[in-house]
């Protein structure tokens, strides 16, 4: 682990990050007021995009520790929702919490590492599953990064990803992905958008 990664893991990295997530409109709608106020108590600011798209962009900005606390709250809220949904179904095994981040494609190579070494290290260290999409999101230069696991594993995983992204700024201009209204209705259950500009935007 590099000094920069260790600092981020220990909370010693004091920079402002902007993470953009993509979530299903129904999820953001149900939890918008309560979720927004809870996340903002973490010290981070949150903004949910408007529009008719089935997916919304959720932008979270703040100091590193505020961002990590916000992610922890979001993941825990999703786990609560999963638990509540299971009480009314016949499902016996609890699915993991899944979040989808979006990063500039130029940074994804650093996240994967040579021969997949970095992403393997993050999986083994945090216990979370991490998948980097092979294709760019439509009309953008960004790729989706899906994280699954317990709220604790997801929060640790975000810490590691932030460290990698801060060390490897995006190259060239980034064309951000913007969800469009789907003619057939919603098809993605839970997505996270924008490049956890964790990596891209350090103030």
Hey, what's the per residue convex hull volume over the C-alpha atoms of segment 67-123, in cubic angstrom?
-> 117 Å³
√(5λ) per eigenvalue of the Cα gyration tensor, segment 36-131, largest first, Å = 25, 22, 15
Alpha carbon convex hull of segment 47-188, volume per residue in cubic angstrom = 141 Å³
Least to most buried among 79, 167, 50 (fewest other Cβ within 10 Å first) | 50, 167, 79
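How long is the gain from residue 41 to residue 94 if the chain were fully straight, where each residue apart is worth 0.36 nm and the alpha carbon distance is subtracted? Spell out each step's value before the answer.
Values: separation 53, 0.36 × 53 = 19.08 nm, distance 2.86 nm.
Full extension of this stretch gives 16.2 nm more.
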Relative exposure of 100, 41, judged by other C-beta atoms within 10 Å (fewest first) | 41, 100
Work out, step by step, the length gained on full extension between residue 84 and residue 180: first 0.36 nm times the residue separation, then minus their alpha carbon distance; give nm to one decimal.
-> 31.6 nm
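No lab work stands behind these numbers, since they all come straight from the coordinates. Computed from a predicted structure; not experimentally measured. As a convention, Cβ positions derive from the backbone with ideal geometry for all residues, glycine included, and neighbour counts pool all protein chains shown.
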